[in-house]
Amino acid sequence: MDSIINYFKSYDITEKDLGPFLSSLIKREYKANDFIIVEGQVENYLSFVNKGIVRYFVLANNKESTVDFAFPETFFCAYDSFYNRKQSSFFIQAITDCELYSIHYDNLQELYANCAIARKLGQVATEYLLTKKVKRELSFLTSTAKERYERLQLKQPKLIQHIPQKYLASYIGVVPETLSRIRKRIN
């Protein structure tokens with residue numbers, strides 16, 4: 001649990017302040033390729049990736065499109081579902097074996113009502129997810145596929161080696177063959 005404590009320390013939140021939040025977390029483990037949530041389910045957990053890689057994808061016209069990844073020491077959830085209490089539009093799947101620390105929606109709401117620091121924690125997680133979403137949208141409007149791949153490679157050089165090429169290609173908005181050409185030009 002050190003990774004989540006260290007994450008919040010970077011926001012000047014002490015381990016002591018985290019007590020109520022940490023005591024509400026549950027550890028969840030998934031094997032590679034396990035589904036964490038499927039389209040149509042309601043997302044009940046805000047999760048922190050302690051170990052592993054998670055991917056979000058949608059299924060349209062019988063084709064999977066990778067929307068995002070969650071790497072170690074980041075939060076994730078099907079936020080459209082979690083915050084609105086509606087069915088998810090996403091599938092969320094473990095790409096590798098994963099260890100998550102998760103808080104149930106009801107427990108988080110109880111903490112929000114009774115603990116000022118919990119509201120700060122929720123704000124940090126929400127701002128992270130929103131900022132990540134905006135950056136991704138901007139990258140599709142302002143960057144080439146090569147630039148998007150290079151940015152991902154710069155941020156997660158060791159971890160992207162564990163992601164199948166078809167998922168990486170879909171994530172940057174190209175077909176796998178184009179990603180192969182991009183990789184060859186970079187190397």
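Computed values, structure above
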{"read-out": "Hits in region 144-173 (condition: open to solvent by less than 40 Å² (accessible area, probe 1.4 Å), under 20 Å from residue 54 (Cα atoms) and not hydroxyl-bearing (Ser, Thr, Tyr))", "value": "148, 152, 160, 163, 168, 169, 172"}
{"read-out": "Region 133-143 - residue that is surrounded by fewer than 16 Cβ atoms within 10 Å (Cβ to Cβ) and not hydrophobic (A, V, I, L, M, F, W, C) and, of those, nearest to residue 171 (Cα to Cα)", "value": "136"}
{"read-out": "Counted residues, region 36-71 - those being of a type outside the set (A, V, I, L, M, F, W, C), within 23 Å of residue 138 (Cα to Cα) and open to solvent by 30 Å² or more (accessible area, probe 1.4 Å)", "value": "2"}
{"read-out": "Residue match in region 26-35 (condition: open to solvent by less than 20 Å² (accessible area, probe 1.4 Å), among the hydrophobic types (A, V, I, L, M, F, W, C) and at pLDDT 95 or above)", "value": "no"}
{"read-out": "Number of the condition not met by residue 100 [criteria: (1) crowded, with 19+ Cβ neighbours inside 10 Å; (2) at pLDDT below 90]", "value": "(2)"}
{"read-out": "Condition check for residue 7: at pLDDT below 95, within 14 Å of the chain's Cα centre (by Cα) and open to solvent by less than 60 Å² (accessible area, probe 1.4 Å)", "value": "no"}
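The values are calculated or read from the model by the stated rules, or taken from the named source; none is laboratory data. Predicted model, so just to flag it, every value in this text is computed and none were measured. No Cβ is skipped: glycine too gets one built from the backbone with ideal geometry, and neighbour counts run over all protein chains shown. Only protein heavy atoms, including side chains, enter the accessible area calculation; ligands, DNA and RNA are left aside. Shrake-Rupley method; radii C 1.70, N 1.55, O 1.52, S 1.80 Å.
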